[in-house]
Every structure is written in C-alpha cells, then in structure tokens.
C-alpha cells in the first residue's frame, strides 16, 4: 500500500501513543511462564504482539481478550507443550530471540520456530551460542538463520559477557537463567531493562551491579515460579519518537503525548534531541534506576531550530530504534550529525543503515553511510519524493514523518508495514493536523 504524506501545517493537540511493543511482548511471555492468571492492561494490538499471543497459545497458554485487558493463564515455567508444527513468530524479532530462552530449559522437548521472509534473514547465532553453552542445542538453517529448532535441556548456570549490548539477547539469557542455580549476564554498556523490571515484579531474584569498566552485571537463578497480578503497559517511546520528531520539525507545532514510558534505558533519543536543541519537556527517570515498575510521563513537544550532534557507541543501545529519526533530524539541523557504533542497525527488519541512507538521499538529503552508522550534513530542508519501506515498519514511519516536514511531500511505498507497531499513525497525524 502506497500512501502520500504531504507537507503539514502546524501539528497541535494531545493524544496517547500506542502501547509499548517491547513491554507488551515481555508481559505476554512472562504471563505465559507464570503459575497464576495474569491481567495485562493496554496490551499493544499490533501484528508483532499478536504473533506473541499466538505463539504462547501454541504452547498451551490460554489467552482471554476482554474490552480493556487480557487475562493470560500460563502453564508455569516448566510446562510449555510442544505444538505439532512450527511456532510462527511472524515478523517479531523480539519474540524470535526471547522465546528460546524459556524453551531451552525444557529437558527432552523440541520446539521449531519460523517466521516470515524478513525473519528468515535475521540471525539467531547470538542467542544460539550462549544457550548451547548452558546445555541446550540449537539447530538453525545454515547454522544461524530461521527456521531453527530448540532442543531443551537441564540448563547449567554461567557467566556470559555480551559481545554487543543487546536487550533481546540479554533477555533471552535471563529467561534461561531463571532455570539455573545462578546465571550472570555482563553487558558492556546498558541496554533496555524491561525484562529485569518485570522479573522483579514477578518475584524473581534479580541482582544488578554496576561495573567499574561500564555497563552492568545482572544475575538471576534458582526460580521455581513467577507470580504477576496486573501489568500496565505504558505508551511506547519508540512510537512517540515519530510524533516528537514531527513536532520538532513542522513549524509552529505543539504536542502533548500522554503517559509515555520514560524508562531511562529507553530515553536515549530524548537526551539526543535535547542536546540538539529540541524542546521536549517531561519528568524523566534518573539514569541507573532499577525498580519493579515502568515510569511514565506526559511529554510536551514544541517546534524549534536544532543543531547537529554526534551519537557515540555507548548511546546506541538506549536509542537503537530511534536512530533513523536522528538521521532525519540531521537533515534539518545546522551542521553535521554523525552516528557511530550502530552496526546493530544492519540486522534489523532491514539493513537500517543502508535503507535509511538510500531512502533519505532519494528525498534530497546530504547523507552517507559508514560501516557502523551514517553522517548527515544539514541543509535545513528536505525536498521530498518516494521512499520504499522495504517491509520495515520504522522505515515506513520515517518516510511518513519526512513527508510532513518536506517541501513536496513523500509517497511511502509499503506503508502497511507500519501496522507492526503503529497501525493508527495516519489517523493520529490527521487528528493533530485538524
């Protein structure tokens, strides 16, 4: 589906952005592992998160959808039943990488995971190698791609240092670590900690220590059961980031985005745009905090002139999904904007370094790719044109926001990909433009 996004007049008003995708995935998975029914309020009704509900249903979990919440009746940590066929993860990379952590701890049971064409291009070796060190066995196509089979086992604890900071890999190993005497995950720089918070809320023994070299050591283990009552999913900061960017770039805009999750391990984008001179007001969580809840805030966004900045590798994990928007902001900023240490972008739904650079250059941007990022020379404008989403929801939304801020508008080729995380984006922009 192709959609034209013409240049926008001032965007004004307040709204609630979609529920957080990362937290929705984790809420469903931990509820599936819980011993008693769990209520999940404000679960994201999007393609990726529905794949997670379908996947846990295949494992014997009962999911009841009510008007304002889900009731998930899990099967306990050690009782997921292998379905007769493959578990279809759809396009959900988070599900593909987190679910094997639970399944790896089921001795004598085998589970096949598969997905769509995009998922079949995304590697799983970064979870396979540590899970095999714990005692499980992973058989993957060509040694690293879906479809792949998880052969469950009695898992042994270990200390494992992540080669690259990744919340998905860390979360996978934390779920597996629950079923060991003790497992410690070392991350070189902080990454999203939604899993740690939810495990704390579920009564799991989670201990996190700051390292002198930077990053954290997080230890779990010796857990017999998880107990959650109610999970409230906040608004998704990664979805809000598209409206924040539009509010900054479209002249005379003023937006209020209500009840957005502002976990400090997700708020890297807010710190980057503040450094660029943007006006985004809201009470944010202090860095280093670990608690059993997710903080929320109302974000007040106003249009403003911005300056280029440099995003270094230690900032990347805390803003990984928003870095394409940093490239777009760089087009309008004074000076140069550079992102370094973001090689992780090459293994997302698309190669987001290549597709973002190609897409924005086609709209008139002065941008070039580097091996692990990009450099943008701000011109203060973007002509417009066509941008191919390549089946990537964040690229589709990037093109839409670029159109709102451009001189001629942008036709997004494959806008339907946005349904993965923000199915109502067009309607929300229309409401804010009215």
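A short reminder: the numbers here are calculations on the coordinates, not readings from a lab. Since we're looking at a predicted model, the values are computed, not measured. Glycine also receives a Cβ, built like all others from the backbone with ideal geometry; neighbour counts cover every protein chain displayed.
Can you give me the C-alpha center-to-center distance between the range 375-399 and the range 407-428, rounded to a whole angstrom?
Rounded to whole Å, the Cα centres lie 12 Å apart.
Take the Cβ-Cβ distance between residue 73 and residue 182 as r, set R0 to 25 Å, and report the resulting FRET efficiency rounded to the nearest 0.05.
The calculated FRET efficiency here is 0.25.
How many nm is it between the label spots at residue 36 and residue 230, if each spot is 7 Å from the Cα in line with the beta carbon?
1.4
Need the full-extension length gain, residue 159 to residue 312, defined as separation in residues times 0.36 nm minus the C-alpha distance. One decimal, nm.
Between residue 159 and residue 312, full extension yields an extra 52.4 nm.
Measure out, as a whole number of angstrom, how far apart the alpha-carbon centroids of the range 95-138 and the range 162-187 sit.
One Cα centre to the other: 13 Å.
Angle, helix 237-249 long axis vs. longest principal axis of the chain, Cα atoms, 0 to 90°, nearest 10?
10
Work out the FRET efficiency for residue 120 and residue 300 from their Cβ-Cβ distance, taking R0 = 56 Å, and round it to the nearest 0.05.
With a Förster radius of 56 Å, E is 0.85.
Give the order of 172, 331 when sorted by the count of other beta carbons within 10 angstrom, beginning with the fewest. Provide the component values of the computation, followed by the final result.
On the way: 172 28, 331 24.
Least crowded to most crowded, the residues run 331, 172.
Based on DSSP, what percent of beta bridges with both residues in the chain are antiparallel, to the nearest 5?
Counting DSSP beta bridges with both partners in the chain, the antiparallel share is about 70 percent.
For a test of the definition: using alpha carbon positions, the gyration tensor, and the 1.5 limit on a/c, classify the range 244-346 as rounded, prolate or oblate.
Working: a/c = 2.15, a/b = 1.11, b/c = 1.95.
Note, shape of the range 244-346 comes out oblate.
Where does the chain land on Rg(C-alpha)/(2.2 N^0.38 Å)?
Here the Cα radius of gyration is 0.95 times the empirical estimate.
If R0 is 25 Å, what FRET efficiency do you get for residue 254 and residue 4 from their C-beta distance, rounded to 0.05?
Using R0 = 25 Å, I get an efficiency of 0.50.
Under the classification rounded if a/c is under 1.5, otherwise prolate if a/b is larger than b/c and oblate if not, where does the range 21-232 fall, given a ≥ b ≥ c as square roots of the Cα gyration tensor eigenvalues? Can you show the working numbers first?
Working: a/c = 1.40, a/b = 1.12, b/c = 1.26.
Here the range 21-232 falls in the rounded category.
Restricting to the range 21-232, what percent of DSSP beta bridges are antiparallel, rounded to 5?
Values: 26 of 34 bridges.
So the antiparallel bridges amount to about 75 percent of the total.
So for 158, 198, 1, fewest C-beta neighbours within 10 Å to most, what's the order?
1, 158, 198
Using only the alpha-carbon atoms, how far is helix 21-33 inclined from the longest principal axis of the chain? Give it as 0 to 90 degrees, nearest 10.
So the inclination is approximately 10 degrees.
Against the globular-protein guess of 2.2 N^0.38 Å, express the Cα radius of gyration of the range 332-434 as a ratio, rounded to two decimals.
1.07
Choose one answer from 213, 106, 81: the residue with the largest mean-square fluctuation in a GNM of the chain with alpha-carbon springs under 10 Å.
Highest fluctuation among the options: 213.
Arranged by the count of other C-beta atoms within 10 angstrom, fewest first, what order do 355, 149, 265 take?
The most exposed by this proxy come first: 149, 265, 355.
If one computes the Cα centroid of the range 296-330 and of the range 1-69, what distance in Å separates the two points?
24
Starting from 0.36 nm per residue, how many nanometres of slack lie between residue 132 and residue 86 once their C-alpha separation is accounted for?
Length difference between fully extended and current span is 14.5 nm.
Between residue 141 and residue 12, 0.36 nm times their residue separation minus their Cα-Cα distance comes to what? Mind showing how you got there, number by number?
Values: separation 129, 0.36 × 129 = 46.44 nm, distance 4.92 nm.
That pair, residue 141 and residue 12, stretches by 41.5 nm at full extension.
Along the Cα→Cβ direction, 7 angstrom out, place labels at residue 369 and residue 207. What is the inter-label distance in nm?
Output for this residue pair reads 4.5 nm.
Would you work out if the range 46-133 is rounded, prolate or oblate? Take a ≥ b ≥ c from the square roots of the eigenvalues of the alpha-carbon gyration tensor; rounded if a/c is under 1.5, else prolate when a/b is larger than b/c, oblate otherwise.
oblate
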